[in-house]
Amino acid sequence: MNPETGNFPARLQEEIDRQAGGVVRRFAREINVNQQAVHNWLAGERLPGAKALAAMWDTYRIDPLWLLTGERRGHGPVTLRIAPPAVPPGARRQTGAFLAEEVGRDRFVSVPLLADRIAAGRPREVSPADIEDFAIIYADWLPHPDEVTCVRVAGDSMSPILTDGAIVAIDHRQRDPRALNGKMVAFRQDGGASVKWCRYVSPDLVMGLPENKETMESGGLLVFKNEDVNDCLVGRVVWWWGLPRE
């Protein structure tokens with residue numbers, strides 16, 4: 001069943017009753033918004049933006065996904081269904097000669113690693129022209145490598161899955177938020193990019209959800225509405241690599 005925002009006013013009223021004794025003025029004051037804005041939400045005239053949703057989480061621990069859609073998050077453990085490439089008998093896997101041979105046979109592809117870090121916290125500018133190095137990736141993991149770039153992650157909003165300094169590969173051909181609902185993606189935001197979970201709510205509303213909920217107040221939550229939905233994605237994160245936290 002496709003999620004809808006039709007019952008959002010009722011869920012908001014439920015939280016106002018529970019958290020602020022049903023007093024709209026008190027609820028608005030605690031999340032630092034205009035009282036009329038809350039009345040507009042309750043009337044179903046508008047939806048709150050990222051800043052207001054983050055304030056509700058920080059103040060009352062109201063889950064923005066539940067508030068807007070009625071659904072609860074439950075990613076659970078992330079499993080990478082990746083099998084190591086088969087190696088011919090007797091091959092010297094650890095040598096540069098073997099790797100060069102496998103690249104030549106199109107078993108591996110080289111993908112540009114951009115020097116600028118992408119944000120897994122607040123959005124940052126990513127410059128495709130500034131290439132730091134190249135990542136060598138098993139070809140079967142990237143169906144169309146010409147449309148893929150690699151970048152390092154900065155921030156902890158996707159922790160513990162992605163830690164600061166992890167490398168992600170972004171497929172720029174996959175940019176339809178409806179098709180990428182529930183996938184890890186890179187969102188376009190204020191001239192930069194930020195890695196989040198994609199939550200397609202409706203044609204007029206897409207959310208970028210952090211794995212680490214504690215970062216929502218500091219910019220970890222992204223909300224795209226109306227015409228901004230059409231060009232909100234940089235691409236899908238199709239591969240990542242990083243070191244575990246010490």
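Data table
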| read-out | value |
| --- | --- |
| Among (1) surrounded by fewer than 16 Cβ atoms within 10 Å (Cβ to Cβ); (2) at pLDDT 85 or above; (3) of a type in the set (D, E, K, R); (4) under 27 Å from residue 55 (Cβ atoms) - the single one residue 214 does not satisfy | (2) |
| Unique match (being at pLDDT below 55, aliphatic (A, V, I, L, M) and not assigned by TED's automatic domain parsing to the domain that holds residue 44) among 151, 87, 109, 126 | 87 |
| Hits in the range 205-237 (condition: in contact (Cβ under 8 Å) with a residue 60 or more places away in the chain and assigned to a strand (DSSP E or B)) | 205, 207, 209, 222, 223, 225, 234, 235, 236, 237 |
| The one condition in (1) in a helix (DSSP H, G or I); (2) under 20 Å from residue 72 (Cα atoms) that residue 140 fails to fulfil | (2) |
| Helices (runs of 4 or more DSSP H) fully within the range 8-77 counting 1 or more residues that are more than 19 Å from residue 215 (Cβ to Cβ) and without any contact (Cβ under 8 Å) to a residue 60 or more places away in the chain | 8-20, 24-30, 35-42 |
| Enumeration of residues in the range 177-201 that are part of a loop (DSSP other than H, G, I, E, B) and either outside the structural domain of residue 216 (by TED's automatic domain parsing) or under 17 Å from residue 225 (Cβ atoms) (or both) | 177, 178, 181, 190 |
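The values are calculated or read from the model by the stated rules, or taken from the named source; none is laboratory data. Every value quoted in this text rests on a predicted model; they were computed, and no experiment measured them. No Cβ is skipped: glycine too gets one built from the backbone with ideal geometry, and neighbour counts run over all protein chains shown.
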